[in-house]
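S.K.: I'd like to ask some things about the structure below.
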Amino acid sequence: MNNNYYLEDNSKIAVIGGGPSGTLFSIFASKMARMVDKKVDITIFEPKDFTQYGPNGCNKCGGVISELLVQVLAVEGINLPPNVVQRGINSYVLHTVKGDVEIVTPAMEKKIATVYRGGGPKDLKEKDLDSFDDFLLKYAVKEGAVHVPLKIEEIRQNDKMVLASHGKAVLEADLVVGAFGVNSTTHKLFENLNMCYQRPATTSAFITELELGTEMVSHYFGSSIHFFLLPVPKNIKFAALIPKGKYVTLCILGKNIDKNTVKAFLDSPVTQSVLPEQIAIDKFCKCYPKLSVSCAKKAFDNRMVIIGDAGSTRLFKDGLGASYIMGKAAAMTAIFHGVSKKDFARHYLPVYRKTNIDNLYGRYLYLITDIYKNVTLLTEGMVEVVSKEQKRSEDTRRLSSILWDTFTGNETYKNIALRAFSMPMHIELGLSFIKALGRRLT
């Protein structure tokens, strides 16, 4: 431990970003400090008002919380109130060019939740609904953090870290936590420092909120997320329709997503069979955010640490779960060990690397998924096997459980990949491929 970089009583922590990574770090740091009878002052700098409708309050996320995160938050004493959860999800419906199949929640547990990260779509006027991000921000304040609605525009490295806004110093901090997303310009503040930070590589996405009405959403989508694995357009990796109240969130992930890609997806016969009517995208709230697909380089230094999407997050799925893991790891390091570069290397970096290594298994799984969606023979066999599994006992639904955990982010990619080597599953898939081939030849 380097005593020059140890948080003493009345040490000041500046958290830049009030999304889940920043608020969860603040919650854990506050609780851990009390455990060791230490008083630390935590200030969260977040200019965005998460209660606002539309882009002003939006955090550009599909808003699906895995059952694993719901459980671990409950263990930490953070229970999501009913007015935050838009809908409980009990199944995924997989849509392909070779048919559709429903994958029900293991053990029929309705623990996956859909939420709004901000106040909701710009036309939403339901005052009894709360934002997930606003709930966590208020929870952090209740635990002792202070929320300052300022945008930090400069960080100066002296003996301590000096944060400035509008040309004026606003705080001298013993630790600066960068909890910003890859869509923020805040990364430039850290790239200009001696830590040599480089933000993660990104891919593109499209998100919009389709207003269909509560009855229509319930009738057509129920409590299911509709997941699309389609070979065309080729630049789409996958897409999902996520029911939330009277809206359905459409998320498309891939490379170079633009309005032509979105139109091609919506015009697909498979998509048209799911949506109740022709959708005029232009009338709804929408964005084209970036998603992190790698880890940041040099994510910590003396008195500085980067967490969340701008540091290390899970590939494509369960970014909120990664916020929990990385936020807690950074808080434990800072409160129990210190805030030097060596402290973060010893106690934060192993967790950081574990997420990155797990993402390598994720890349393998999505590579296999791409092959299955692009080869119709494989697609047909996959749908047939899952359809059969859904009629059998739960312990024999091998492929279904792999797809479920991949879609939801409910398991580590490593564990999913190891389960994918199941010999009985591959035998069943092989027989289905042979049957599909036979049908083509007759």
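The values are calculated or read from the model by the stated rules, or taken from the named source; none is laboratory data. The model shown is predicted, which means the values in this text are computed figures rather than measured ones. FYI the Cβ positions are ideal-geometry reconstructions off the backbone, even for glycines, and counts take in every protein chain you see.
S.K.: Could you list, in sequence order, all residues of region 409-437 that are under 30 Å from V351 (Cα atoms) and out of contact with any Asp or Glu (no Cβ under 7 Å at 6 or more places or on another chain)?
M.R.: N415, A417, L418, R419, A420, F421, S422
S.K.: Here are some residues: I427, I416. Which one is modelled with pLDDT of 95 or more, under 14 Å from Y366 (Cα atoms) and β-branched (V, I, T)?
M.R.: Going through I427, I416 in turn, the sole match is I416.
S.K.: Here is a follow-up. I need the full set of residues from region 9-51 which are among the polar types (S, T, N, Q), surrounded by fewer than 24 Cβ atoms within 10 Å (Cβ to Cβ) and within 20 Å of the chain's Cα centre (by Cα), in order please.
M.R.: Residue satisfying the conditions is T51 alone.
S.K.: Further question: Check off (1) part of a strand (DSSP E or B); (2) farther than 22 Å from G62 by Cα; (3) modelled with pLDDT under 95 for C196 and give me the number that stays unchecked.
M.R.: Tallying (1) part of a strand (DSSP E or B); (2) farther than 22 Å from G62 by Cα; (3) modelled with pLDDT under 95, C196 fails exactly one: (1).
S.K.: Being surrounded by 20 or more Cβ atoms within 10 Å (Cβ to Cβ) and in contact (Cβ under 8 Å) with a residue 40 or more places away in the chain is the filter here; which residues of region 386-396 pass it?
M.R.: V386
S.K.: Out of the residues in region 93-111 that are in contact with a Lys or Arg (Cβ under 9 Å, 6 or more places away or on another chain) and at pLDDT 95 or above, state the one that is surrounded by the fewest Cβ atoms within 10 Å (Cβ to Cβ).
M.R.: Filtering first and then ranking leaves V97.
S.K.: Let me ask something else about it. Anything in region 10-34 that is outside any strand (DSSP E or B), out of contact with any Ser or Thr (no Cβ under 8 Å at 6 or more places or on another chain), in contact (Cβ under 8 Å) with a residue 60 or more places away in the chain and not charged (D, E, K, R)? List them, or say none.
M.R.: G18, G22, T23, F25, S26, I27, F28, A29, S30, M32, A33
S.K.: Among the residues of region 164-175, is any assigned to a loop (DSSP other than H, G, I, E, B) and either of a type in the set (K, R) or touching a residue at least 24 places away in the same chain (Cβ under 8 Å) (or both)?
M.R.: yes
S.K.: Related question: Has region 321-334 got any residue that is surrounded by fewer than 19 Cβ atoms within 10 Å (Cβ to Cβ) and at pLDDT 95 or above?
M.R.: There is at least one residue in region 321-334 that is surrounded by fewer than 19 Cβ atoms within 10 Å (Cβ to Cβ) and at pLDDT 95 or above.
This table checks each residue for (1) in contact with a Ser or Thr (Cβ under 6 Å, 6 or more places away or on another chain); (2) basic (K, R); (3) in the same structural domain as I16 (by TED's automatic domain parsing).
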| site | (1), (2), (3) |
| --- | --- |
| R303 | no, yes, yes |
| G308 | yes, no, yes |
| Y324 | no, no, yes |
| A345 | no, no, yes |
| V375 | no, no, no |
| T379 | yes, no, no |
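S.K.: Quick check, is K354 surrounded by fewer than 19 Cβ atoms within 10 Å (Cβ to Cβ), closer than 27 Å to R117 by Cβ and in the same structural domain as F180 (by TED's automatic domain parsing)?
M.R.: Yes; evaluated as a whole, the condition is true for this residue.
S.K.: Hey, another quick one. Please work out which residue is farthest from F25 (Cα to Cα), limiting yourself to region 176-220 and to residues that are among the charged types (D, E, K, R) and free of Cβ contacts under 8 Å to residues at least 12 places away in the same chain.
M.R.: Residue satisfying both the conditions and the ranking: E215.
S.K.: I've got another one for you. Run down F180, F206 and say which single residue is under 24 Å from the mean Cα position of the chain (by Cα) and assigned to a strand (DSSP E or B).
M.R.: F206
S.K.: Continuing with this model, one more query. If the requirement is being over 26 Å from P55 (Cβ atoms) and of a type in the set (K, R), which of these qualifies: K151, K142, K188?
M.R.: K142
S.K.: Take residues that are among the β-branched types (V, I, T) and out of contact with any strand residue (DSSP E or B) (no Cβ under 6 Å at 6 or more places or on another chain) and tell me which of the strands (runs of 3 or more DSSP E) falling wholly in region 247-336 contain 2 or more.
M.R.: The strands (runs of 3 or more DSSP E) meeting that bar number zero.
S.K.: I'd like to know if region 258-278 contains one or more residues that are surrounded by fewer than 17 Cβ atoms within 10 Å (Cβ to Cβ), of a type in the set (S, T, Y) and under 18 Å from T96 (Cβ atoms).
M.R.: Yes, the conditions are met somewhere in region 258-278.
S.K.: While we're here: Out of region 128-156, which residues are without any contact (Cβ under 8 Å) to a residue 40 or more places away in the chain and out of contact with any strand residue (DSSP E or B) (no Cβ under 7 Å at 6 or more places or on another chain)?
M.R.: Within region 128-156, K138, K142 qualify.
S.K.: For T355, indicate whether it is closer than 15 Å to I416 by Cβ and of a type in the set (S, T, N, Q).
M.R.: Yes; evaluated as a whole, the condition is true for this residue.
S.K.: While we're on this one: Considering (1) out of contact with any strand residue (DSSP E or B) (no Cβ under 6 Å at 6 or more places or on another chain); (2) on the phi < 0 side of the Ramachandran plot; (3) crowded, with 22+ Cβ neighbours inside 10 Å, say which one I65 fails and leave the rest.
M.R.: Of the numbered conditions (1) out of contact with any strand residue (DSSP E or B) (no Cβ under 6 Å at 6 or more places or on another chain); (2) on the phi < 0 side of the Ramachandran plot; (3) crowded, with 22+ Cβ neighbours inside 10 Å, the odd one out for I65 is (1).
S.K.: Filter region 222-248 for residues that are more than 20 Å from V97 (Cβ to Cβ) and touching a Pro at 6+ places or on another chain (Cβ under 8 Å); which is surrounded by the most Cβ atoms within 10 Å (Cβ to Cβ)?
M.R.: Y247
S.K.: Also, I was wondering about something else. Can you tell which of K138, K127 is more than 30 Å from S340 (Cβ to Cβ) and modelled with pLDDT of 95 or more?
M.R.: Testing whether each residue is more than 30 Å from S340 (Cβ to Cβ) and modelled with pLDDT of 95 or more leaves just K138.
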